[in-house]
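Chemist: Below you will find the structure I want to go over with you.
The values are calculated or read from the model by the stated rules, or taken from the named source; none is laboratory data. All of these numbers come straight from a predicted model, not from anything done at the bench. Glycine gets a Cβ as well: all are built from the backbone with ideal geometry, and neighbour counts include every protein chain shown.
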Amino acid sequence: MEKQNAKRYDVVVIGAGNGGLTAAIRVLQGGYSCLLLEKHNLPGGFATSFKRGRFEFEASLHELNDFGSPDAPGDIRTLFRDLGVEDKIDWVRIPEAYHMITT
């Protein structure tokens, strides 16, 4: 039997959803090697859609809270800034996270 050389990684991240993708980027930014594993055919986890028969279901996150402004960034904007992707996002401000109607 032929012996194969297995590549070694500093970190293995299981799952390429939002958290896994963020963790893998942070590992790489720290200068470590990383293997990111995902069982689905697309990365993104709940930030994707899927089809069942003739129907397509959007399981994605629709709204993020606490992104703030460029001058006063919230946690989400700060994370995206640290990840180096803030300038690649079309930010759309939504005035309220919810709307309550009472009688």
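Chemist: Search segment 30-57 for residues that are in contact (Cβ under 8 Å) with a residue 12 or more places away in the chain and pair each with any residue that is part of a strand (DSSP E or B) and not small (G, A, S) when their beta-carbon atoms are under 6 Å apart and the residues are at least 6 apart or on different chains.
Modeler: If the second residue must be part of a strand (DSSP E or B) and not small (G, A, S), the pairs left are Y32/V11; C34/V11; L35/V12; L36/V13; L37/I14.
Chemist: Here is a follow-up. For segment 24-51, what are the residues that are at pLDDT 90 or above and either hydrophobic (A, V, I, L, M, F, W, C) or not in a loop (DSSP other than H, G, I, E, B) (or both)?
Modeler: A24, I25, R26, V27, L28, Q29, C34, L35, L36, L37
Chemist: Another question, if that's okay. Looking at S69 and the list (1) exposed (fewer than 11 other Cβ atoms within 10 Å of the Cβ); (2) of a type in the set (S, T, Y); (3) under 18 Å from the mean Cα position of the chain (by Cα), which single condition is not satisfied?
Modeler: Every condition holds for S69 apart from (3).
Okay, residues lined up against (1) basic (K, R); (2) assigned by TED's automatic domain parsing to the domain that holds I14; (3) touching a helix residue (DSSP H, G or I) at 6+ places or on another chain (Cβ under 8 Å):
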site: N41; (1), (2), (3): no, yes, no
site: S49; (1), (2), (3): no, yes, no
site: E56; (1), (2), (3): no, yes, no
site: P73; (1), (2), (3): no, no, yes
site: R77; (1), (2), (3): yes, no, yes
site: D87; (1), (2), (3): no, no, no
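Chemist: So A16 passes all but one of these: (1) part of a loop (DSSP other than H, G, I, E, B); (2) at pLDDT below 90; (3) surrounded by 11 or more Cβ atoms within 10 Å (Cβ to Cβ). Which condition number does it fail?
Modeler: Failing condition for A16: (2).
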